[in-house]
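Notes to accompany the following structure.
The values are calculated or read from the model by the stated rules, or taken from the named source; none is laboratory data. Not measured: the values here are computed from a predicted model. We place every Cβ from the backbone using ideal geometry, glycine too, and count neighbours over all the protein chains shown. For accessibility, only protein heavy atoms count, side chains too; no ligands or nucleic acids. Shrake-Rupley method; radii C 1.70, N 1.55, O 1.52, S 1.80 Å.
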Amino acid sequence: MKLKRLFLSVLLLLSILTTWAAEDWNVPKEHITYDVMYKWGLINKKAGSATIATYPDAIPDKFRAHLSAASAPWADKFFMVRDTLKGLIDKNTLHPSYYEKIAHEGGAYDRDILIYKYSGDSVTANAQMWRKRKKETDIRKLDNVTHTAKGLTMDMLSAFYYMRRIPYAEMQKGESVTLNVFSGKKKERLTIHYQGREDVEINKKKYPSYHITFTFTTAGGKTSSDNMDAWISSGTDRIPLLLEGKLPVGKVRAIYSGKLK
């Protein structure tokens, strides 16, 4: 997996880091932090950090989510990442109404805004996009794209909140859940595979957790990213404790590091 794709995947997966129990949708105002570590043999070096902020909103039945990730100074020399995701999400259905991604990656700039509309089982999202490549001086406005789908459909932020709502305790190992995901020009399928209960060690302490893997595929069924693994606390707080993905050399791990008041 390329470093760019992995950092983006780390950023996206960390959006499941809200800490209310799955059955409790009184969304708290909260900030949670993660260390992104690069591991290769005996090397275990901090490559970046990420923060998820969740805000109960003045808009009835919705909450705001804000997710940011940045590579560490040493990693900036190889591939600098400064990414932000913003969303407005329904507290009950987790359907997004607004999604924005702002990405500064390796000298390039991307910005996507998606506005969602729902009619029965049908979902439509209008995507506005801006781009600037590393050697370009001006930001280009791309043509709008309209995505449509039927069934459970989300964006790259709300989809990972939805992961927390899945009743893993009632599932059998090997079961999976699939949904549509819109992001910029892309329309993909996200499949979440339940791998069972496992203990995961964080800072020399073991926690009971649910182990999941997830993959993205295109409309034609082609895999668009390598599998990634996550371990989510099986306690009532449901804190995701660890995310792991492979690189051509070594792997990257996102490890829970605490909460900010």
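Observations on the structure shown:
- Prolate/oblate/rounded label for the range 171-213 (Cα gyration tensor, a/c 1.5): oblate
- Convex hull volume of the C-alpha atoms in the chain, normalised per residue: 143 Å³.
- About its Cα centre, the dipole of the range 73-153 is roughly 220 debye, where the only charges are +1 on Lys and Arg Cβ and -1 on Asp and Glu Cβ.
- For the cross-link pairs Lys101/Lys141; Lys29/Lys187; Lys45/Lys86; Lys46/Lys77, the ones whose C-alpha atoms lie over 19 Å apart are Lys29/Lys187; Lys45/Lys86.
- Shape category assigned to the range 115-217 from the gyration tensor of Cα positions, a/c cut at 1.5: oblate
- Close amide H pairs (under 5 Å, H built 1.01 Å from N) link Glu30 with Thr54, residues at least 5 positions away or on another chain.
- Of all accessible heavy-atom area on the chain, the percent that carbon and sulfur account for (1.4 Å): 51
- Note on exposure: Glu188, Glu136 ranked by accessible area (1.4 Å probe, complete protein assembly) read Glu136, Glu188, with the most exposed listed first.
- Column: log10 I(q)/I(0), Debye, Cα scatterers of the range 30-86, q = 0.23, 0.25 Å⁻¹: -0.89, -0.97
- In the chain, helices alone account for a calculated mean residue ellipticity at 222 nm of -2500 deg cm²/dmol, with every DSSP H run of four or more residues adding -39,500 (n - 2.57).
- A Gaussian network model of the chain, with springs between Cα atoms under 10 Å, assigns the largest mean-square fluctuation among Thr146, Thr178, Thr93 to Thr93.
- Residue-level accessible surface for Glu244, protein heavy atoms, 1.4 Å, Å²: 40
- Nearest-10 value in Å² for the accessible area of Arg64, using the 1.4 Å probe: 110
- Solvent-accessible area per residue in the chain equals 48 Å², computed with a 1.4 angstrom probe and all protein chains kept.
- Global geometry of the range 49-163, whether rounded, prolate or oblate, following the gyration tensor of its Cα atoms and the 1.5 cut on a/c: oblate
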